[in-house]
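**Q** I'd like to ask some things about the structure below.
The values are calculated or read from the model by the stated rules, or taken from the named source; none is laboratory data. It should be emphasised that the depicted structure is a prediction, and the values quoted were computed from it without experimental measurement. Neighbour counts are summed over all protein chains in view; Cβ atoms, including those assigned to glycine, are modelled from backbone coordinates with ideal geometry. With ligands, DNA and RNA removed, areas are computed over all heavy atoms of the protein, side chains included. Shrake-Rupley method; radii C 1.70, N 1.55, O 1.52, S 1.80 Å.
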Amino acid sequence: MPEVVMPRLSDTMEEGVLSRWLKKEGDAVRQGDVIGEIDTDKATMELESFDDGILEKLLVEEGTTVAIGQPLAVIGDGSGTPPPDAESPAPASTALPAREASAPPTSKPVPAPAEAQPDSGSQRLLSSPLARRDAARHGLDPATITGTGPGGRIVRADVEAAIAAAETDQAQPQRQAPPAAAGREPAVPLSSTLDSVEVPLTQMRKVTAQRLTESAAAPHFHLTVVVGVDALFRFRSDVNERFADQDAKVSVTDLLVRACAATLRTHQHVNSSWAGDRILAHRRINIGVAVALDDGLIVPVVTGADAKSLDQIAAETRSLAEKARSGTLKLHEFSGGTFTISNLGMFGIDNFTAVINPPEAAILAVGAATEEPYAQDGELRSRRVMKITMTSDHRVLDGATAAAFLSDLKRTLEDPLRIVI
C-alpha cells in the first residue's frame, strides 16, 4: 500500500514536525488533498496526498519530529483498515516516539490540540501551529494562556512563559499558610528561584543557527555609505498621497528593493552566489527581505524585482510579510533569492552589519534615517541621512566591485526618479 512520507519542503530542510492531522483514519482522500500540516525550518506547510484511496493508518502523532523520507501514513483501498477500537500492531517506523514501543497504538486517530477543533458555536482561538504543538506537549490549555501576538494571537513565547511558570510552581516549595479569616485572599506564592529555563529549539531556530554557522565560514568584508534621503522621503510621501485612492502604500523597504534591483542590472557580478568550487552569476534578480519572527528569521523573496513596478513590489512585500508571520509561505516564496536586504531602521538602529544569507554574495543592512548638520555656502543646515552597509563574500566580490555597486545605489536613492526607470 502507498505510504505518505515526510517530503522535502525547502532546500535546507532535513526533518519536519507533523504539527496537525487534518484527516482521520478511514477518510477517503484524493490526489492533492491536504491531509496534514508540517512545521519546517521556514514555515508551516501543507502535507498533500499523492494517491487516491482510504487513509488507513496514521503512523505518527501530532508534534512528532520526522526525518525526510520517513513514513507518516498509509493509504490503501480500505481493506486494511481495522474495525473501530480494534488494536493493531505498531507500524515499523523510525518516526514513532520512543514511548510508542511500550504500548500498542489503537486505530483511533490522534486527537488535535483543543484549539484546533473549536466547537461550532465558539470562536477559534488564535494561535500559531508551533504554539499549539508546544502547549499540547506540556498539557497546557491554550485558553488559559494570554496571547501577546497581533490581535491577541498566542505565539510560542507565550507558551514558553506559561511552561516556565508551571515549572516554577512545581519546583517552588509550598509555604504553610496561616489560617485565613473569612474572605481573606490566600497567601501569594514565592517568586521564581530558578536561575534559567531551558527553551526548546524550533526547527526554524535550528536551521537559522546552522545557516549562520555556514555563513561565518565565508570571508566577509563590510562597506558603509551615508545616503542623503530627504528627496527619497519626499518622493515616498508624494507617491503615497497621490495614489491614496488606489490603496497604494509604499514603504522605505519597497523603495530599497526597487533601487537595489535597478542597480543590480548594471552590476550583475553582485547578483551572484558561491557554489563551492565556482561562482554562479544569476540572470534573474530576486531580492530577499529579512522578516523577524518569534521562532527565528525568514527571508521571503520578491522574484524578478527589476521587472516589477513600485506598486507591484509594495503589494508583494506586504503579502509576503503577512504570510511569513502567519506561517503560510509557499516554498517558491522564500527560496531562490540572489540578494538580501535587512532593514532595522524602524527599530532606531543607526548602523549595523548583517550576516550573509548563503549562498548569496552580499546582503545590505539598512539603518534609521537621522538628522545631520552640514555646512553649505557658509551656512549651517541639516538634512536626513541613512547609513547603509553591504556585507560581501570576498570569494565572490572584491572591494572595488562592491564599492562601485554601493556608489551607484547611493546615487539612485538620492535621485529617486531613477528608481522608476
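Residues are listed down the side, and each one gets a yes or a no for (1) surrounded by fewer than 21 Cβ atoms within 10 Å (Cβ to Cβ); (2) assigned to a helix (DSSP H, G or I):
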site: 317; (1), (2): no, yes
site: 322; (1), (2): yes, yes
site: 332; (1), (2): yes, yes
site: 336; (1), (2): yes, no
site: 342; (1), (2): no, no
site: 351; (1), (2): yes, no
site: 355; (1), (2): yes, no
site: 358; (1), (2): yes, no
site: 363; (1), (2): no, no
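**Q** So residue 405 ticks every box in (1) of a type in the set (Phe, Trp, Tyr); (2) over 32 Å from the mean Cα position of the chain (by Cα); (3) surrounded by 14 or more Cβ atoms within 10 Å (Cβ to Cβ) but one. Which box is left unticked?
**A** (2)
**Q** Then there's this: Please identify the pairs in which a residue from segment 308-335 that is touching a residue at least 60 places away in the same chain (Cβ under 8 Å) has its Cβ atom under 6 Å from the Cβ atom of a residue that is assigned to a helix (DSSP H, G or I) and open to solvent by 50 Å² or more (accessible area, probe 1.4 Å), counting only partners at least 6 apart or on another chain.
**A** From residues that are touching a residue at least 60 places away in the same chain (Cβ under 8 Å), the pairs are 329/323.
**Q** Right, something else. Filter segment 220-245 down to the residues that are assigned to a helix (DSSP H, G or I) and open to solvent by 50 Å² or more (accessible area, probe 1.4 Å) and list them by number.
**A** From segment 220-245, those assigned to a helix (DSSP H, G or I) are 230-242, 244-245; that's our starting set.
Passing the criteria: 234, 236, 237, 238, 241, 242, 244, 245.
**Q** Can you find, within segment 32-43, the residue that is farthest from residue 207 (Cα to Cα) among those that are open to solvent by 10 Å² or more (accessible area, probe 1.4 Å) and assigned to a strand (DSSP E or B)?
**A** 34
**Q** Which one of these is among the acidic types (Asp, Glu), open to solvent by less than 20 Å² (accessible area, probe 1.4 Å) and at negative phi: 311, 306, 393, 398? Before you say what the answer is, go through the steps one by one.
**A** Details: 311 fails: open to solvent by less than 20 Å² (accessible area, probe 1.4 Å); 306 fails: open to solvent by less than 20 Å² (accessible area, probe 1.4 Å); 398 fails: open to solvent by less than 20 Å² (accessible area, probe 1.4 Å).
Of the residues listed, the single one that is among the acidic types (Asp, Glu), open to solvent by less than 20 Å² (accessible area, probe 1.4 Å) and at negative phi is 393.
**Q** Among the residues in segment 4-14, are any of a type outside the set (Val, Ile, Thr), assigned to a strand (DSSP E or B) and more than 19 Å from residue 294 (Cβ to Cβ)?
**A** No - not one qualifying residue is present in segment 4-14.
**Q** Still on this structure, please answer the following. Looking only at segment 246-281, how many residues end up being closer than 25 Å to residue 421 by Cα, open to solvent by 60 Å² or more (accessible area, probe 1.4 Å) and in a loop (DSSP other than H, G, I, E, B)?
**A** From segment 246-281, those closer than 25 Å to residue 421 by Cα are 246-272, 281; that's our starting set.
In the following step, the residues that additionally are open to solvent by 60 Å² or more (accessible area, probe 1.4 Å) were identified as 246-247, 249, 265-266, 268-269, 281.
From the residues that got through so far, the ones that are in a loop (DSSP other than H, G, I, E, B) too are 247, 249, 265-266.
Summing the residues that are closer than 25 Å to residue 421 by Cα, open to solvent by 60 Å² or more (accessible area, probe 1.4 Å) and in a loop (DSSP other than H, G, I, E, B) in segment 246-281 gives 4.
**Q** Do you know which of the residues in segment 44-86 that are part of a strand (DSSP E or B) and modelled with pLDDT under 85 is surrounded by the most Cβ atoms within 10 Å (Cβ to Cβ)?
**A** Of the residues in segment 44-86, the ones part of a strand (DSSP E or B) are 44-48, 53-58, 64-67, 71-76.
Filter once more, so that each one left must be modelled with pLDDT under 85: 44-46.
Working: 44: 20, 45: 23, 46: 14.
My answer is 45.
**Q** Which of the residues belonging to segment 373-390 are within 18 Å of residue 352 (Cβ to Cβ) and open to solvent by 40 Å² or more (accessible area, probe 1.4 Å)?
**A** 387
**Q** Quick one: is residue 15 farther than 24 Å from residue 323 by Cβ, touching a residue at least 24 places away in the same chain (Cβ under 8 Å) and acidic (Asp, Glu)?
**A** Criteria not met by residue 15.
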